[in-house]
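The values are calculated or read from the model by the stated rules, or taken from the named source; none is laboratory data. Predicted model, so just to flag it, every value in this text is computed and none were measured. Here the Cβ positions follow ideal geometry from the backbone for every residue, glycine too, while neighbour counts run over all protein chains shown. Heads up: the accessible areas ignore ligands, DNA and RNA and are worked out on the full protein's heavy atoms, side chains in. Shrake-Rupley method; radii C 1.70, N 1.55, O 1.52, S 1.80 Å.
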Amino acid sequence: MDTGTHVVMGLALGGLATLDPAVAPHTATASAVMIGTIIGSQIPDIDTVLKLRSNAVYIRNHRGITHSVPAVFLWPLLITGIIFFFNPDANLLHLWLWTQIAVFLHVFVDIFNAYGTQALRPFSCKWVALGVINTFDPFIFGIHVAGLVVWIMGAPPGYTFLVVYGILIFYYFLRFSAKREVVNAVKQIVPDATQIVVAPTMKFHHWKVAVMTESEFFVGRAHGKTVRILDKFNRVPVPDTPVIIAAKKDTNISAFLSFSPVYRWEVKEFDDYYEVRFIDLRYRSNGHYPFVAVAHLDPDLNIINSYTGWIFSEEKLRKKLTILPS
């Protein structure tokens, strides 16, 4: 989920913690738990700082080790230890318990996005992405904000957020049901599909669709049970040519390939360089596919420059690559 949603979830958990008899009557514990749930709801995303190094490092590692099984247990211990050092009057056990819940909930809700997490590391590096909730979901964010407003107005926070999370459980079931209907509709249109990727949007009934068969890619949009195919491409296996092999050794290209499950490729040969491009088919926007990885290689197959990330125009891509004049 986005940072704003994780913030309001941390506040909500701090309010929910007032139902704990060891928290509510004890001011030191209540304040420590609130700090713990807010920090715990944010800490797994500390790997966002990897963007300062490069997009390739960020794509390969974001929601990786910081969302792993060991991290889910180590983050609460670290946070609890620091908070308890400054607030030794707090109940240590219950401070750890609520901080643990906050960290676990952060990783758990991230699994429901299309981006997903490597939550099973170190047992598996597979990305777990259920694709039923958008990274920013207006309903989830809005109901948390509504709960906070009701709390400010004087309602008991514990019972308020108990109701909020009861509603959200029902909402998640609705999202799974809606996605299942889209998948079934896609199977009617493309009965020989070998892989179907359905990604949510901010609108409840709108979904992005990418489909693979043995020989073709299909890209479309769904509104409710109605699926519309917008683009179709021949599915050509990536060849083991010297140019492709050299390009795959580039950090930006390899990061893209480690992350994207549905993509097509292009190779263009110019007078003094080659261009290798991989295009993710999951994120079609206004007829454009903005998530790409591009590498330029000289005639000796050395990497000249490369880039991976979100680009919404060729002009911006050229600026990123600082391409040599043709």
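Observations
- LYS249 vs. criteria of a type in the set (D, E, K, R), under 26 Å from the mean Cα position of the chain (by Cα) and within 29 Å of GLY64 (Cα to Cα): yes
- Scanning the stretch 231-248 for residues that are open to solvent by less than 60 Å² (accessible area, probe 1.4 Å), among the β-branched types (Val, Ile, Thr) and not in a helix (DSSP H, G or I) gives VAL238, THR241.
- Per the conditions (1) modelled with pLDDT of 95 or more; (2) touching a Pro at 6+ places or on another chain (Cβ under 9 Å); (3) buried (at least 18 other Cβ atoms within 10 Å of the Cβ), the sole criterion not satisfied by PRO76 is (2).
Residues checked against (1) closer than 26 Å to ILE43 by Cβ; (2) open to solvent by 60 Å² or more (accessible area, probe 1.4 Å); (3) part of a helix (DSSP H, G or I); (4) touching a Phe, Trp or Tyr at 6+ places or on another chain (Cβ under 8 Å):
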{"position": "HIS144", "(1), (2), (3), (4)": "yes, no, yes, no"}
{"position": "ILE167", "(1), (2), (3), (4)": "no, yes, yes, no"}
{"position": "PHE173", "(1), (2), (3), (4)": "no, yes, yes, no"}
{"position": "VAL197", "(1), (2), (3), (4)": "no, no, no, no"}
{"position": "LYS203", "(1), (2), (3), (4)": "no, yes, no, no"}
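- Members of the stretch 54-65 that are open to solvent by 20 Å² or more (accessible area, probe 1.4 Å) and either β-branched (Val, Ile, Thr) or at pLDDT 95 or above (or both): VAL57, ILE65
- Every pair of residues 6+ apart whose Cβ atoms lie under 6 Å, when the first sits in the stretch 57-68 and is more than 12 Å from ILE46 (Cβ to Cβ) and of a type in the set (Ser, Thr, Tyr) while the second is in a loop (DSSP other than H, G, I, E, B) and open to solvent by 30 Å² or more (accessible area, probe 1.4 Å): SER68/ARG121
- Residues in the stretch 12-28 that are out of contact with any helix residue (DSSP H, G or I) (no Cβ under 6 Å at 6 or more places or on another chain) and either within 16 Å of PRO76 (Cα to Cα) or open to solvent by 50 Å² or more (accessible area, probe 1.4 Å) (or both): PRO21, PRO25, HIS26, THR27.
- Output for the stretch 263-294, where each listed residue is hydroxyl-bearing (Ser, Thr, Tyr) and within 15 Å of ARG318 (Cα to Cα): TYR273, TYR274
- Unmet criterion (only one of (1) under 20 Å from the mean Cα position of the chain (by Cα); (2) crowded, with 16+ Cβ neighbours inside 10 Å; (3) among the aromatic types (Phe, Trp, Tyr)) for TRP151: (1)
- Only one entry of GLY116, GLY81 meets the criterion of being surrounded by fewer than 18 Cβ atoms within 10 Å (Cβ to Cβ) and either farther than 30 Å from ARG175 by Cβ or out of contact with any helix residue (DSSP H, G or I) (no Cβ under 6 Å at 6 or more places or on another chain) (or both), and that entry is GLY81.
- Just one of the listed residues (ALA119, ALA129, ALA199) is at pLDDT below 95 and in contact with an Asp or Glu (Cβ under 8 Å, 6 or more places away or on another chain), namely ALA119.
- Qualifying residue in the stretch 208-222 (condition: open to solvent by 50 Å² or more (accessible area, probe 1.4 Å) and assigned to a helix (DSSP H, G or I)): no
- Just one of the listed residues (ALA56, ALA71, ALA12, ALA28) is on the phi < 0 side of the Ramachandran plot and over 22 Å from the mean Cα position of the chain (by Cα), and it is ALA28.
- The number of residues in the stretch 147-162 that are among the hydrophobic types (A, V, I, L, M, F, W, C) and either at pLDDT below 95 or in contact with a helix residue (DSSP H, G or I) (Cβ under 8 Å, 6 or more places away or on another chain) (or both) comes to 5.
- Some residue of the stretch 308-326 being more than 27 Å from the chain's Cα centre (by Cα), part of a strand (DSSP E or B) and over 15 Å from SER254 (Cβ atoms): no
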